[in-house]
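Read the structure below first, then the notes.
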Amino acid sequence: MTIQAQGMSHRRELGANGLLSWIMTVDHKRIGILYLFSAFIFFLVGGTEALLMRIQLAQPDNKFLSPEAYNQIFTMHGTTMIFLVVMPLAAGFGNYLVPLMIGARDMAFPKLNALSYWTFLFGGVFMYSSFLFGGAPNDGWFSYAPLTEKLYSPTHGMDFWVMGILMLGLATTIGSINFIVTIIQLRAPGMTLTKIPLFVWTTFVTSFLAVFSLPSLTTAVLLLLLDRQLGAHFYNTAEGGTALLWQHLFWFFGHPEVYILILPAMGIVSMVIPVFSSKPLFGYAAVVFSTIAIGFLGFTVWAHHMFATGMPTVSLLFFSADSFLIGVPTGVKIFAWMGTMWKGKLRFTSPMLFAIGFVALFLIGGLDGIHLAVVPVDWQITDSYYVVAHIHYVLFGGAIFGIFSGIYYWFPKMTGRLLNESLGKWHFWLLFIGMNLVFMPMHVLGIEGMPRRIYTYGPGRGWELWNFVETIGAFIIAVGIALFVINYIVTMLKAPTHEEDPWDGFTLEWTTSSPPPAYNFAEIPSVRSRRPLWDRKHPELADWRNEA
Amino acid sequence: MFRKFGVLMGLAILLSACQPSPTFLEPASSISNHEANLYRIILIMALVVFVLVEGALILILVRDRKRANNEKLPAQIHSNMRLEVTWTVIPILLVIVLFIMTVQTVNAVAAPSHLKSDLNIRVVGHRWWWEFDYPDLGIVTANELHIPKGATVQVQLESVDVIHSFWVPQLSGKTDVVPGQHNTMWLTSDQVGEYLGQCAEFCGTEHALMRFKVIVDSQQDFDAWVANQQKPAYQPQTEDEQAGYMEVTGACAACHSLDPSDLNTKKVGPNLAHLFSRSTFAGGTFDLNEENLRSWLADTQAMKPGNDMDIKILPKTRDQIISYLLNLK
Ligand SMILES: [Cu+2]
Ligand SMILES: [Cu+2]
């Protein structure tokens, strides 16, 4: 192919494969790969932390970890998985794919893009360096005040956390503005709002969520910094500060954050399922509207994390009603994915398996989430293992499964090589079984009265069996992840096949070589429908003839 | 493959019913009973949705998988207005039902304003133990809250340090114990018994060992308990006890009170006046007996690492202290 040939020669000219070229790069694809790679390393670290916790909790009164160690590990596990894994993985896909999907040559601000990546990496490494300086952060990923005040958290761990969060917030803000401008400005001719691929839509909405919610987190964290370093009293209740101020500021960010974590994965799944069903996404408009609706509603439900803080009844009911409402657009999406598969021609490739896993598991995360919006029930199960089960069905069964779907799907585009399919299927089944073994019993433990974030528990409360089962499940997940790493290494050792369109794809990224040349497209494509490549392959059935 | 979750979940709940866990599904109060009933209804609704949706998904996956040599393209359907409206409206109806049930239960478990409270209690969260004050009765205890059967007990929650959360699943859901804020809740039970509770908000190093129990007594037992708590602490009789007493009212007094009416204490440790009227210590973690007390005084940090009692006592003094403490019935 001419495009491919040009791409190859272009890259050879730059001699662009040395380490320096990666450090200096402003190419959105390379930055995307840097993001994905770094975030995956953090994923392995956060996963190891999870295994340590599961070993500690495998039996009652276990002495494997000290309370100090456990508290640092669970804090870093949550902080890592949220800020250093799922967000940057989504940013990695966004960077790599958004320009390709909208037919652009790069992001709107390539240098800003590089700045965003390096700020993220520095923030992550900085936070982890706290282990070398007297202890990591140890107050949980939502670090409630006044526990975080110097009086109660005297190590430097919280200072590292504060600074790290500021850097990561900055990185995300820069990246989000870049996405917003790119998506508004650089779409190929003909790609109107109703023809944007869904992953681009979710990245768009996610970026707005980040830009509008992060200032609240930044404020919360800056006030804490003032308290800790300059002796201010914003959260210091002994001096007239307010403990709940932190919670309001934090969750005003924290709830939209949940959608920042899940929407990109929903976008991925909305790209993968149609391709492997050989059908268009069912109800595109409904899915886009529900994404936007989730974006707005996401800002109105923050206090459902605070039902037990002693709120007046009216507020309780307001936030409860709002939280129920948010279930509706989520349901719309699940039905849309199933409608897409309905009477399709389903190919169970690894990306498709992970996408189906996403639908099956995310449904559970939605249903148990509804329980948490029912105020009187929430009073019983909030801050118990039930919540831990819920967030992992959403963020592991949801976000991580969606991301693995995306990795298998776009890996050939990024590297010119297909990952091994049978290893991929093993990977899927181990994760699927393992995650249900770990997280399903957590519902039961929450119901049985086990609070979250305890480094140990006594015997005789009926919690032994399920904790043990969960630990086994965690190791099954670990084996699955190890297979993925092996798959990656084995695949990268093979010669690339440079297949342009191995999955029979629909969207613009599959119209250029694998990997694409630095400038993506020799000629900027023009678009008449949501599935430009489908149109080219099936002119008689082209979408623009019958798209509603 | 998805159906096995349902089985697993059912099995798990069955199993959990066989073991004595502090679960609100075995309620001992009208509050938890309401909460448990609501939970069961929602669980059933969720299971129905779960089975229907996952069932439909499996059906689609099996029926519509690509068969060998099938090169025909499926029909390219983009949307179906009627269907989409249906699956938007049904969830909306469901959540309206859920919301109505939520409102009803919130009202049912709200403090009964027409009822006068029979007993006022102040719960004070300390890192990492619970102080229980009875302002009307002028007594204070730690980690084991006694209430009389059938009484309406008004509970005020305060913290001297960070946020804790008061949770006794079988009696009531959580209420956070927030410093600088006076949250209230209420307790009532018609079932005599002991109910396990635990701090449910991460409060630092020993959050895991900040447990407690609520003991629902018959009125008679409760009165007897109160009468005992109102007595002053035991006076030393022997020489050893006297030496121990000097320590407890000396070095230990920086953190512990021996005055049973020292409510809302400024001291960082629990009141010791009637230590041995309790069955557990150190945040409800260890059985209170001579042997455990001995190891506690030998090395508190080994038993509960990070707790705020960080002292060294000579073995001889330790024996004297114990000989006195054992009498604090
Ligand atoms: Cu606590
Ligand atoms: Cu706690």
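Summing +1 for each Lys or Arg and -1 for each Asp or Glu, what net charge is found among the other residues whose Cβ lies under 15 Å from the Cβ of residue B:265?
After counting each charged neighbour, the total is -3.
With every atom except the alpha carbons ignored, what do you get for Rg and Dmax of segment A:31-170, in angstroms?
Spelled out, the Cα radius of gyration and Dmax of segment A:31-170 are 17.1, 58 Å.
Mind checking which lysines have their Cα closer than 18 Å to the Cα of residue B:174? Skip sequence neighbours fewer than 8 apart in that chain.
Filter leaves B:213.
Sorting B:34, A:392 by accessible area (1.4 Å probe), largest first, what list results?
Correct descending sequence by accessible area is B:34, A:392.
Eight or more residues apart or on different chains, and alpha-carbon atoms under 18 Å: count the Lys pairs in chain A matching that.
Lysine pairs meeting both conditions in chain A amount to 12.
For B:42-51, what's the mean count of beta carbons from other chains sitting within 10 Å of each residue's beta carbon?
Whole-number average of other-chain Cβ neighbours for B:42-51 is 4.
Pick out, from A:24, A:162, A:308, the residue whose Cα sits farthest towards the positive end of the charge dipole of chain A, with +1 on the Cβ of Lys and Arg and -1 on the Cβ of Asp and Glu.
Checked the options; the winner is A:24.
Compute the length gained on full extension between residue A:212 and residue A:348: take 0.36 nm times their separation in residues and subtract their Cα-Cα distance, giving the result in nm to one decimal.
Result: 45.1 nm gained on full extension.
Read phi for every residue in segment A:261-272 and hand back ³J(HN,Hα) as whole Hz from Karplus 6.51 cos²θ - 1.76 cosθ + 1.60, θ = phi - 60°, with x for Gly and Pro.
7, 9, 4, x, 5, 4, x, 4, 4, 6, 8, 6
Hey, with R₀ at 35 Å, roughly what FRET efficiency would residue A:495 and residue A:226 work out to, going by the Cβ-Cβ distance, to 0.05?
0.05
Computed FRET efficiency, Cβ-Cβ of residue A:125 and residue A:64, R0 22 Å: what is it to the nearest 0.05?
0.20
Modelled label-to-label distance, residue B:86 and residue B:267, 7 Å Cα→beta-carbon offset: nm?
Distance between label points: 7.1 nm.
With unit charges on the beta carbon (Lys/Arg positive, Asp/Glu negative), name the residue among A:230, A:208, A:384 whose Cα is farthest towards the positive pole of the charge dipole of the protein assembly as shown.
Looking along the dipole axis, the top candidate is A:208.
Tell me, what does the Kirkwood hydrodynamic radius of segment B:115-329 come to in angstroms if you use every pair of distinct C-alpha atoms?
17.6 Å
Charges at C-beta only: +1 for Lys and Arg, -1 for Asp and Glu. How large is the resulting dipole of segment B:115-329 about its Cα centre, in Debye rounded to 20?
Using Cβ point charges on Lys, Arg, Asp and Glu, segment B:115-329 gives about 220 debye.
If the only charges are +1 at each Lys and Arg Cβ and -1 at each Asp and Glu Cβ, what is the size of the charge dipole of segment B:225-289 around the Cα centre, to the nearest 20 debye?
340 debye
Under the rule of -39500 (n - 2.57) per DSSP H run of 4 or more residues, summed and divided by the residues of the protein assembly as shown, what mean residue ellipticity at 222 nm is obtained, to the nearest 500 deg cm²/dmol?
-18500 deg cm²/dmol
Counting pairs of alpha carbon atoms under 8 Å apart in space and at least six apart in sequence, what relative contact order in percent does chain A give?
Contact order relative to length: 18 percent.
Within segment A:319-338, name every residue whose backbone N is under 16 Å away from a label modeled 7 Å from Cα of residue B:41 along the Cβ vector.
Answer for segment A:319-338: A:321.
Relative to the Cα centre, what is the charge dipole magnitude of chain A, using +1 at the beta carbon of each Lys and Arg, -1 at the beta carbon of each Asp and Glu, and rounding to the nearest 20 debye?
Approximately 1380 debye in magnitude.
Can you give me the long-range amide H partners of residue B:197? Hydrogens built in the peptide plane at 1.01 Å from N, cutoff under 5 Å, separation of 5 or more residues or another chain.
B:212, B:213, B:214
When we measure straight from the Cα of residue B:231, which lysines land under 16 angstrom away, once same-chain ones fewer than 8 places off are left out?
Within the straight-line cut-off, residue B:231 pairs with B:329.
What is the sum of charges, Lys and Arg at +1 and Asp and Glu at -1, for the other residues whose Cβ falls under 14 Å from the Cβ of residue B:136?
Within the 14 Å Cβ shell, the charges total -1.
Please work out how much accessible surface residue A:382 shows to a 1.4 Å probe, ignoring ligands, DNA and RNA, in Å² rounded to 10.
Spelled out: residue A:382, probe radius 1.4 Å, area about 20 Å².
Shielding of A:337-350 by partners, i.e. mean partner chain Cβ atoms within 10 Å per residue?
5
Take chain B, connect every pair of alpha-carbon atoms lying under 10 Å apart with a spring to form a Gaussian network, then pick out the residue of B:40, B:278, B:122 with the largest mean-square fluctuation.
Of B:40, B:278, B:122, the most mobile in the Gaussian network model is B:40.
Per 0.36 nm of contour for each residue apart, how much would the distance between residue B:312 and residue B:68 grow if the chain were fully extended, relative to their Cα-Cα spacing?
80.1 nm
Which cross-chain or sequence-distant (5 or more) residues have an amide H under 5 Å from the amide H of residue B:126, H modelled 1.01 Å from N in plane?
Those lying under 5 Å, H to H, from residue B:126 are B:131.
Note down the relative contact order for segment A:416-548 as a percent, whole number, built from C-alpha pairs under 8 angstrom at least six residues apart.
29 percent
With θ taken as phi - 60° and the coefficients 6.51, -1.76 and 1.60, list the Karplus ³J(HN,Hα) couplings across segment B:180-191 in order, rounded to whole Hz; mark glycine and proline as x.
So the Karplus estimates, Gly and Pro as x, are x, 9, 10, 7, 10, 8, 9, 10, 7, 8, 9, 10 Hz.
Loop sites only, by DSSP: take the trypsin sites (Lys or Arg not before Pro) in chain A that have at most 13 other C-beta atoms within 10 Å and name the longest stretch containing none of them.
No qualifying site falls inside A:64-493, the longest such stretch.
How much accessible surface area, in Å² rounded to 10, belongs to the heavy atoms of residue A:77 with a 1.4 Å probe?
30 Å²
Which FRET efficiency, nearest 0.05, do residue B:228 and residue A:55 yield, Cβ-Cβ r, R0 51 Å?
Calculated transfer efficiency: 0.70.
Could you give me the ³J(HN,Hα) list for segment A:363-380, computed from phi with Karplus coefficients 6.51, -1.76, 1.60 and θ = phi - 60°, whole Hz, x at Gly and Pro?
4, 5, x, x, 5, 6, x, 4, 4, 6, 7, 7, 3, x, 6, 4, 4, 7
Round to the nearest 10 and report in Å² the accessible area of residue A:523, as given by a 1.4 Å probe over the protein chains' heavy atoms.
150 Å²
Enumerate the amide H contacts of residue B:186 below 5 Å, restricted to partners 5 or more residues apart or on another chain; note that Pro and chain-start residues carry no placed amide H.
B:155
Take every residue in peptide B:183-196, count the Cβ atoms of other chains within 10 Å of its Cβ, and give the average of those counts.
Other-chain Cβ atoms within 10 Å of each residue's Cβ, averaged: 1.
How many percent of the alpha carbon pairs in chain A exceed a separation of 39 Å?
24 percent
The values are calculated or read from the model by the stated rules, or taken from the named source; none is laboratory data. All figures in this text were calculated on a predicted structure; none of them were measured in a lab. A quick note on method: Cβ atoms are made from the backbone with ideal geometry, for glycine too, and the neighbour counts reach across all protein chains shown. Heavy atoms of the whole protein, side chains included, go into the accessibility calculation; ligands, DNA and RNA do not. Shrake-Rupley method; radii C 1.70, N 1.55, O 1.52, S 1.80 Å.
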